[in-house]
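The structure appears right after this line, and notes come after that.
A short reminder: the numbers here are calculations on the coordinates, not readings from a lab. Computed from a prediction, not measured in an experiment: that's the story for all the values here. Every residue, glycine as well, gets a Cβ built from its backbone with ideal geometry; the counts of neighbours run over all protein chains shown.
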């Protein structure tokens, strides 16, 4: 199989979170239906895979990267030379002295990977080393395991004492020092970088120069358990141990709206203009991402789980299964086959779902559905008064124009010809 040495930065899940704003939204992929298992591999997985045109890259617990094709065949492997270097770490969620790595990132035909304070660039084609760089940090441990690349292929790396930008040729462009730095996000449309420090402070800087634009301090001295995502001109904050959700303007740093909700995670689905929040019990709330008002709420799963999405579907893992939902109503449209292991994370790309457990990776393939196929699937029936669920055969006549079955969650056609069930715009 010939490798494309210049993959697009935006067409595939080539970094953790899909985008440098960690949206977990693949806008180039339609809904994937009729899922079936293609293959599974056993390995010690440390982080969620990333993909490009014809490669799957997996970070393993021995500070290795392994590359596979989409048939599950091994292509190459790389072992980081200082994987055994020990750093004393006091954070309770890390396992003491040891070596720590990031997700790999694929950009412009290269693979970038960080272990401790060392960044390496590898050839996507065969895994050979292109350049190596010792990073300007005394902390030695990359925060949160996340390495981010912007649309130019430049890298942003976060340590507890600093955030630095590294150009794709291996030069350090700038370093921003800080205390207890926690995460870094990049707004491609605004050319801005936002990073968190001191647990409850945000700093917005120019992506090219590192010049500061604004800082924002959250209420309270310590805001534990938080998550952030950035899309275009809006930053969304979620403090899942302190009930608070915020929407902040990237240009000004002003808070646009705030919710007193305790979500384990949030997910912004920009095609529908909806911010989704899921709590620890599996309740899913749909929130208007402009106003912060709740649009609808439903109980989908037994506990909080990863949410991923494509342009017209939400995907939520539930123990050993992935469910596909309508982002307009929360109605369950499909359940995947059982994986046989608890799903830690998953990505959606190439008409496939790649799911990872502690020691197993599985690829499910499916059919890419077009807008016309979805419209046909949701077309109205013969006009008879009686409406029945096509999945469980429940009588839906008494439910008015509800467009999903309340018994099993399957999407159904409305009885009202004027009801708009699906609007791909």
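Were the residues from residue 344 through residue 206 laid out at 0.36 nm apart, the gain over their Cα-Cα distance would be 46.3 nm. Peptides 51-63, 286-298 ranked from most to least packed, by the mean per-residue count of other Cβ atoms within 10 Å: 51-63, 286-298. Note on residue 270/residue 320: beta-carbon distance plugged into 1/(1 + (r/R0)^6) with R0 of 35 Å gives a FRET efficiency of 0.75.
The base-10 log of I(q)/I(0) for the range 263-348, evaluated at q = 0.11, 0.18, 0.21, 0.23 Å⁻¹, reads -0.26, -0.70, -0.95, -1.15 [Debye formula, identical scatterers on Cα atoms, solvent excluded]. Using a simple spin-label model with pseudo-atoms 7 Å out from Cα toward Cβ, residue 368 and residue 255 lie 4.3 nm apart. If R0 is taken as 60 Å, the Cβ-Cβ distance between residue 217 and residue 41 corresponds to a FRET efficiency of 0.85. A simple spin-label model places pseudo-atoms 7 Å from Cα toward Cβ; at residue 123 and residue 288 they are separated by 5.5 nm. Taking 0.36 nm per residue of separation and subtracting the Cα-Cα distance, full extension of the segment from residue 171 to residue 189 would add 4.1 nm. For residue 179 and residue 62, the difference between the fully extended length at 0.36 nm per residue and the C-alpha to C-alpha distance is 39.2 nm. Placing dummy labels 7 Å off each Cα toward the beta-carbon, the span from residue 73 to residue 393 is 4.7 nm. Put in order of Cβ neighbour count within 10 Å, fewest first, the listed residues 158, 204 become 204, 158. Please work out whether the range 25-369 counts as rounded, prolate or oblate from its C-alpha gyration tensor, where a ≥ b ≥ c are the square roots of the eigenvalues and a/c under 1.5 means rounded, while otherwise a/b larger than b/c means prolate and anything else oblate? It comes out oblate by the Cα gyration axes.
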